[in-house]
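Okay, structure first, notes after.
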Protein chains: 4
Amino acid sequence: MIGTVSEDNQSIVDQLRRFVAQRNWAQFHTPKNLSMALMVEAAELMEHFQWLTAEESKSLTPEQEAEVADEIADVQIYLTMLADRLGIDIDAAIQAKIRKNAAKYPANAADGAADLK
Amino acid sequence: MIGTVSEDNQSIVDQLRRFVAQRNWAQFHTPKNLSMALMVEAAELMEHFQWLTAEESKSLTPEQEAEVADEIADVQIYLTMLADRLGIDIDAAIQAKIRKNAAKYPANAADGAADLK
Amino acid sequence: MIGTVSEDNQSIVDQLRRFVAQRNWAQFHTPKNLSMALMVEAAELMEHFQWLTAEESKSLTPEQEAEVADEIADVQIYLTMLADRLGIDIDAAIQAKIRKNAAKYPANAADGAADLK
Amino acid sequence: MIGTVSEDNQSIVDQLRRFVAQRNWAQFHTPKNLSMALMVEAAELMEHFQWLTAEESKSLTPEQEAEVADEIADVQIYLTMLADRLGIDIDAAIQAKIRKNAAKYPANAADGAADLK
């Protein structure tokens, strides 16, 4: 799965590796624990939407948007660290998945039936 | 929060927008629903690790790794779509978060105390 | 935290203990792993609602209701096993929590502001 | 799915109904939203275990145990409210599930292969 990571993404990976190394946190960052941390952050992200109506979730206040951006960053950070720990290239994995989904949900047949998995 | 997205990431955003538009799925993709879908995919990712020991989670079989890569792609896809829907630039959000975390967890003080949030 | 568990609940605890013992699963059932399994089941439960509107979620078909009941059972089973493993009496914990919430959200002040946590 | 709920459990259901009614929160408590709230609480519960080793998770400090008991109560409260909202009898659902699992994982065949789902 190792592939070429875009320069910007590689720079983020490098920053995160340095951050973790400087704090001696690698010992805690087993893939198992990182998958849990990712999950916890995803829940903190979702929590912002739990009592909002569908409509309300579309027009966040600037304050809500800043908090949501912060949680999105947390999810992305743990996802990036987990993929890096396992030697998985996220971009390549996405391309494979998009191809798979395109075959699974042909554009016309899937019209309006939400189920992108 | 809108900023410059790297060319590779922009290309993925474009592909996902097209994929959703061709299937008429935008109606289901409220931020609220996308945050739920992200969560569900994060759980499917974590499920691969739930009965593994910490050690076992470090050395996946090629088959497990392929399945995990697939789930990582799903999480990344929903995270990217959610951020796009809200006009949030993930790269910028990460940079802001890394700065915040560097201030919150000074390299020496945080030595060995895992709590990157 | 150990307290009196209602007879019916105790019977379920006993059944679950026996089920686990007969399959030699206690080795996997660390509190950490049980908390992950609970989370995964909660996600499978939520998945049934992710693309439904608020209204649709109120009137499930009999088939959907049966599937949801099945997932609710899974969540309850893991929650019960986790509490049992830790020696925590769920009923007592609920009573303590209801008292805490009643103080935190006085009936009038909290009128219509959803935030029961 | 409606069945007889044990007296103690019914008393908890009654308390929760009253609590919600007195605060005018029923409007927020769609099954969809309750499934999200349940998930968020399950994540807060799991968060207590995310950086612990398997061993550490078995021997919580009294302070950790009290916090975990508090989160277990939250999960149970939302699970009970969700089941009540949908007219699902949790005890009956568990009995059906235990029978199903007993058939799916015969005691000997499943020896030591953790996968109770």
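How high is the relative contact order of chain B, in percent, counting Cα pairs under 8 Å that sit 6 or more residues apart? Write down the numbers at each step before the final one.
Numbers: 55 pairs, mean separation 48.9, N = 117.
So the answer I get is 42 percent.
List the distances, in nm and shortest first, from the label point of C:ASN108 to the matching label points in every other copy, placing each point 7 Å from Cα along the Cα-to-Cβ direction.
Its label point is 5.6, 6.4, 6.9 nm from the equivalent points in the other copies.
Would you look at the GNM of chain A, springs on alpha carbons closer than 10 Å, and say which of A:ASN101, A:ASN33, A:ASN24 moves the most?
A:ASN101
I want the local charge near D:VAL13. Using Cβ-Cβ distances under 13 Å, sum +1 for each Lys or Arg and -1 for each Asp or Glu among the other residues.
-4
Could you give each residue of region D:87-101 its phi-based ³J(HN,Hα) in whole Hz, using Karplus coefficients 6.51, -1.76, 1.60 with θ = phi - 60°, and x for Gly or Pro?
x, 9, 8, 4, 4, 5, 5, 5, 4, 4, 5, 4, 4, 5, 5
Using the Cα atoms of chain C, I'd like the radius of gyration and the largest Cα-Cα distance, Dmax, both in angstrom.
Calculated on Cα positions, Rg and Dmax stand at 17.3, 51 Å.
Return the tail of the calculated pair distribution for the protein assembly as shown, meaning the percent of Cα-Cα pairs more than 39 Å apart.
On the way: 22360 of 109278 pairs.
Of the Cα pairs, 20 percent sit more than 39 Å apart.
How large is ³J(HN,Hα), in whole Hz, for each residue of region B:15-32 in order, when computed from phi with the Karplus curve 6.51 cos²θ - 1.76 cosθ + 1.60 and θ = phi - 60°, using x for Gly and Pro?
For region B:15-32, the Karplus curve yields 4, 5, 4, 5, 4, 5, 5, 5, 9, 6, 9, 4, 4, 8, 8, 5, x, 4 Hz.
Partner chain Cβ atoms within 10 Å, averaged over the residues of A:94-106 - can you pull that number for me? Could the numbers behind the result be given before it?
Details: counts 10, 4, 4, 8, 7, 0, 2, 6, 4, 0, 0, 4, 2.
Averaged over the peptide's residues, the number is 4.
Using the 2.2 N^0.38 Å rule of thumb for compact globular proteins, work out how region D:52-92 stacks up: its C-alpha Rg over that value, please.
1.60
With a 1.4 Å probe and every protein chain kept in, tell me what percent of the accessible surface of the protein assembly as shown is carbon plus sulfur.
Carbon plus sulfur share of accessible area: 51 percent.
Over region C:27-76, with a single point scatterer placed on each C-alpha, what log10 of the ratio I(q)/I(0) does the Debye formula yield at q = 0.17, 0.19, 0.30 1/Å?
-0.56, -0.65, -1.11
Could you derive backbone 3J(HN,Hα) for region D:66-82 from the dihedral phi with the Karplus parameters 6.51, -1.76 and 1.60 (θ = phi - 60°), listing whole Hz in sequence and x where the residue is Gly or Pro?
5, 5, 5, 4, 4, 6, 4, 4, 4, 4, 4, 4, 5, 5, 5, 5, 5
Leaving out ligands, DNA and RNA, calculate the buried accessible area for the pair A and B with a 1.4 Å probe, summed over both sides, in Å² to the nearest 100.
Values: alone 9010 and 9040 Å², together 11580 Å².
Roughly 6500 Å².
Less than 22 Å apart at the alpha-carbon level, and either on another chain or at least 8 residues along: which lysines does that give for A:LYS100?
Hits, sequence-local ones excluded: A:LYS117.
Rounded to two decimal places and with Rh computed the Kirkwood way over Cα pairs, what is Rg over Rh for region B:1-62?
Dividing the radius of gyration by the Kirkwood radius yields 1.13.
If each DSSP helix of 4+ residues adds -39,500 (n - 2.57) and the sum is divided by the residues in chain C, what number results at 222 nm, nearest 500 deg cm²/dmol?
Here the helix-only value at 222 nm equals -22000 deg cm²/dmol.
The values are calculated or read from the model by the stated rules, or taken from the named source; none is laboratory data. Keep in mind that what you see is a predicted model, and the values were worked out from it rather than measured. For neighbour counting, all protein chains shown are included, and Cβ atoms are generated from backbone atoms with ideal geometry for every residue, glycine included. Accessible surface is based on the protein model in full, side chains and every heavy atom, while ligands, DNA and RNA are left aside. Shrake-Rupley method; radii C 1.70, N 1.55, O 1.52, S 1.80 Å.
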